Amino acid sequence: MTHKTYKLKTDNNPVELTIDYKAELNTEQLSVVEHGDGACLVLAGAGSGKTRTLVYRVAYLLEHGVHPENILLMTFTNRAANEMIMRVEELLTYHPKGLWAGTFHHVGNRILRKYITQLGFTSNFTILDTQDAQDVLKNIIGDITTTDKYFPKAKALQNIISYSRNAGTSIEATVLQRFTHLNPELIDMIAVIANRYTNKKQELNLLDYDDLLILWLKLMNEHETVSTRIRSQFQYILVDEYQDTNHIQAELIKSITKEHNNIMVVGDDAQSIYSFRAAQIENILSFPEHFPDCSTFKLETNYRSTPDILALANNSIDHNSKQFKKNLKSIKPAKDKPVLAALGNTQQQAEFITQRILELHDEGTSLNDIAVLFRADYHALELELQLNKKAIPYIKRGGLRFFEQAHLKDVVAFLRILNNPKDEISWTRLLLLLPGIGRVTALKIIAQITTAATLADVITMPITGSKKVAASWNDLVTILKPIAQKPELTISDYIEAFIRGLYDDYVKSAFENPQKRIEDIEQLTNFADQYSSLDELLADITLSEGFQTNTTVPDTQQDEQVILSTIHQAKGLEWDTVFVMHLASGQFPHQRAMQSRAEVEEERRLFYVACTRAQQALYLLYPITLYSHSGGLAFTQPSEFIRELDTDLYDEWNVETESTDDLPTIEYLP
C-alpha cells in the first residue's frame, strides 16, 4: 500500500491574492480599500459605488491575513449584509467562514445569546415582534386607572417608548419635543407604563428589538470582562449607512472600537433623512471630533445620473450649512436638462404625469424604469385615481395605496353610512372606534339601526346598553344630527364634523403619527370638494380600491408597473426616469419644517435624495393652485428648493391644456 499526503485547503486560508484591485476600482475607491486602517470616515455620494467599496475592503482584509472572525460588518438590513457576503465570496472564490455581518440588531442578538446571563436574563430569551410588544403593553395599560377618554393606545405608547430609548432621551423630553399632540399631564403615567414594561420583559425573559441594542451597550459599559472580549475580537469594524445611526448605535461603535480603533464608517450626510426614526445626522458630522486621528475619504464619482441631473442636485444641497462639502461628478455623457413644469392644479399635475408615462412607454421605456416620488402619501391621491382611469399598472412602495390606509378607511366608512344607513360593514368599522363598544355590542346596535330607512330615523332610535355605550352613542348622534337636518351641507362639511366630533381625539390616541394622518384626511377633504355628490366620490374611491390590471399595456408586458413611492422609501433605489411632484411651498418643504433651520436642511436633503434617484430624466412638478382647507382655491409658489436653484440648470416647460369632457390632452411647450 502506498501512502500519499494530500493537503486540503481550508475556507480561511487562500493560497494567493486573486483580486486586481487597481483594475477593478476607481482611484477614490482604491484609496479607501488600501488605506482604510485606523479610524476612517468614507463620505460616499449618491451612486458612487459605496457597496462595491465595502465589499472590496472586506476582501482586501481577508486576503491580507485578517481572520474572518475578527471582522465585523454592520449594515441596516440583513439583505444588504447577505448581498455583501455573497459578493465577497465571488471575489475570493471561497466562503469566509466566521465573518460577522448583519444589522446592529442581528449582531446584538448573537452577542446577547452568549453573554446576557450577566444581566439577569437567560440565553433562551424570546424576541418580541412589534405586535407582541404591543400585546404586552396592552396588558399593562389594562391595569392602569385613567379618566382620560382617549388615553394613548399600545401602538402609540410603543412608539414613544422606542423613540425615547433610541434617542437616549427621557419620556418627558420625548413627549414634549416629538409628540406634542399629547396632553403633558399624561407624561408621568406614560413613564410609569414604560418602567412596568421594562420590568415585565425582565420577569418573562423577553426582549424587544430596542433591547438588542440597549442591553448590548449595557454589557459593554457595565461588564468589563465581556467588553474586553468583544473589543479584542473585533479588530476591524465597518459600518454602512452611518448617517442613519441613532444615539445608541453611535455609542456602541465608540465602545467596541476602544482597543483596536480600526473603525470605518461609510455614509453620506447629504442623504440623512430619518430623524423621525431617531437617526442623528450629528453622528456622522461629529465623527472626526470623536475620532480625532481619523482619515476622511470622499467618493464623488457618480455612476448613476447624467451630469445635468447631478449639477442640479449639487446646486441644491450646496445651500445646506451643516454638511461635508462634496461635488458629485458623472461618468455619463451630458443629456437633457431636468424639466420644471408648473401645472394648473393637482388634477392637471396627475394628467401630465400620466400622459408622459404613456408617451415614454410608447418610446420604449419600461414602466418598471419610471418612478413618481412625493413628500407625503396624500400627494399621490389624484395620481392614483388617474392611473386607474388610464389603466396604467402601478405599485406603491413602502406603504398602502391611499384609500387602503386605516384612518382613511375610517373616514370613508363614515361617509358610506351617510350615503347608505343600511351599510352594516361601515357601521361595524365606525362603532368599533367608540369607547366602550366592542364587537358584540356593535352587532347588537347594528341589528337595530339597519332597520331604519333614513339617517334621520337612525338618530332617533333608543340604544340600550351601559352608561359608557350610551355616552358614546350620544356623541355619535351629536355628529349625525346636523347632517341629517341640513341637506345643504357639503362633503367636506361631513368630514370636518366627523373629525371635530370624534376622530381627532381617536387619532391622537390610536396612532403614533397623528399629525400625518390628519393631513391625509385634510387632503381627502379638499379632494372631496371637487365632487357634487357622495355617490360620485364613493364610486371613484371604490373603483380605485378595486383596480387590479389593465388593457393598455400589451399582454407580454403585464408584469410592468410604474413605481409610486415616498422619497423616504425610495432612498437607495434608482430609475431611468423620475417625476418629483407637489414641489409647492408649504407642501415640500413641509410647512412644519419652516420653523427650524435644521428641519429645512433635512427637507432639502430629502429633495436631494429624490433628484439623485434619476438616471436619465428628471421632472420637477408643482401645481399652481391647491384646494384650501378653508374652502376654495389658493395660489401657490414653487418650493423654496426650486426658487433657490440656478435657473440655467433646468428647462422650464409651459403646459397648455386642451380639454374635452372625455379626454384632457396636454401639450408641452419647452
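The values are calculated or read from the model by the stated rules, or taken from the named source; none is laboratory data. Model, not experiment: these values are computed from the prediction. Positions of Cβ are generated from backbone atoms using ideal geometry, with glycine treated the same way; all protein chains shown enter the neighbour counts. Quick note on the areas: whole protein, heavy atoms, side chains included, nothing else; ligands and nucleic acids left out. Shrake-Rupley method; radii C 1.70, N 1.55, O 1.52, S 1.80 Å.
A few points about this structure:
- Spacing of the two label points (7 Å from each Cα toward its C-beta) at residue 478 and residue 424, in nm: 3.1
- Amide H contacts of residue 633 (H built 1.01 Å from N, in plane; Pro and chain starts excluded): 628 sit under 5 Å, all sequence-distant by 5 or more or on other chains.
- Within straight-line cross-link reach of residue 114, lysines at Cα separation under 27 Å, skipping those fewer than 8 residues along the same chain: 97, 200, 201, 218, 254, 258
- Separation of the alpha carbons by more than 23 angstrom is noted, of 508/571; 153/486; 326/571, for 508/571; 153/486.
- At an R0 of 51 angstrom, the distance between the Cβ atoms of residue 138 and residue 34 translates into a FRET efficiency of 0.40.
- Two-decimal Rg to Rh for the range 345-437 - Kirkwood Rh, Cα set: 1.11
- Net charge of neighbours whose Cβ lies under 10 Å from the Cβ of residue 434, counting Lys and Arg as +1 and Asp and Glu as -1: 0
- Segment residue 439-residue 451, extension gain: residue separation times 0.36 nm, minus the distance between their alpha carbons: 2.4 nm
- Each principal axis of the Cα atoms in the range 45-109 has its own extent, and those three values, largest first, are 32, 28, 15 angstrom.
- The listed peptides 179-187, 45-53, 491-499, ordered by packing as a protection proxy, come out as 45-53, 491-499, 179-187 (highest mean of other Cβ atoms within 10 Å first).
- The long axis of helix 406-419 is offset from the longest Cα principal axis of the chain by roughly 10 degrees.
- Tilt relative to the chain, helix 104-115 - C-alpha long axis, 0 to 90 degrees, to 10: 60
- Rg/Rh for the range 442-535, where both radii come from Cα atoms and Rh is the Kirkwood radius: 1.00
- Viscosity 0.890 mPa s, temperature 25 °C, Stokes-Einstein D of the range 18-131 from Kirkwood C-alpha radius, µm²/s: 155
- With all protein chains modelled, accessible area of residue 461 [1.4 Å, Å²]: 40
- Kirkwood hydrodynamic radius (C-alpha pairs) into Stokes-Einstein, the range 210-326, 37 °C and 0.692 mPa s, D in µm²/s: 205
- Placed amide H near residue 299: partners under 5 Å, 5+ positions off or other chain: 43, 44, 45
- Here the accessible area of the chain is 48 percent carbon and sulfur, with a 1.4 angstrom probe and all protein chains present.
- Taking θ as phi - 60° and the Karplus parameters 6.51, -1.76 and 1.60, the scalar couplings of the range 365-372 work out to 7, 5, 4, 5, 9, 10, 10, 10 Hz in sequence order, x denoting glycine and proline.
- The listed peptides 470-480, 355-365, 560-570, 582-592, ordered by packing as a protection proxy, come out as 560-570, 582-592, 470-480, 355-365 (highest mean of other Cβ atoms within 10 Å first).
- For the range 258-297, average projected area of the Cα convex hull in nm²: 3.4
- Estimated FRET transfer efficiency when R0 is 30 angstrom, pair residue 648-residue 324 (beta carbons, to 0.05): 0.70
- The length gained by stretching the chain between residue 358 and residue 79 to full extension, at 0.36 nm per residue less their Cα-Cα distance, is 97.1 nm.
- Largest-first ordering by accessible area, 1.4 Å probe, given options 653, 427: 653, 427
- Descending semi-axes in whole angstrom, ellipsoid equivalent of the range 576-620, from the Cα gyration tensor: 23, 11, 4
- Gained length - residue 464 relative to residue 533, 0.36 nm times residue gap less alpha-carbon distance: 21.5 nm
- Between the amide H of residue 101 and those of 73, distances stay under 5 Å, these residues lying 5 or more places away or on another chain, with hydrogens modeled in the peptide plane.
- The range 364-457 - percent relative contact order, Cα under 8 Å, separation 6 or more: 19
- Between residue 515 and residue 221, the simple label model (points 7 Å from Cα in the Cβ direction) yields a spacing of 2.9 nm.
- If you model the chain as an ellipsoid using its alpha carbon gyration tensor, with each semi-axis the square root of five times an eigenvalue, the axes come out at 47, 36, 22 Å, biggest first.
- Helix 597-611 and the long axis of the chain differ in direction by around 80°, with both axes built from C-alpha atoms.
- The aspartates and glutamates whose alpha-carbon is closer than 15 Å to the alpha-carbon of residue 298, local same-chain residues fewer than 8 away aside, are 28, 34, 240, 241, 268, 269.
- Between residue 126 and residue 391, the modelled label-to-label distance comes to 5.1 nm, taking each label 7 Å out from Cα in the direction of the beta carbon.
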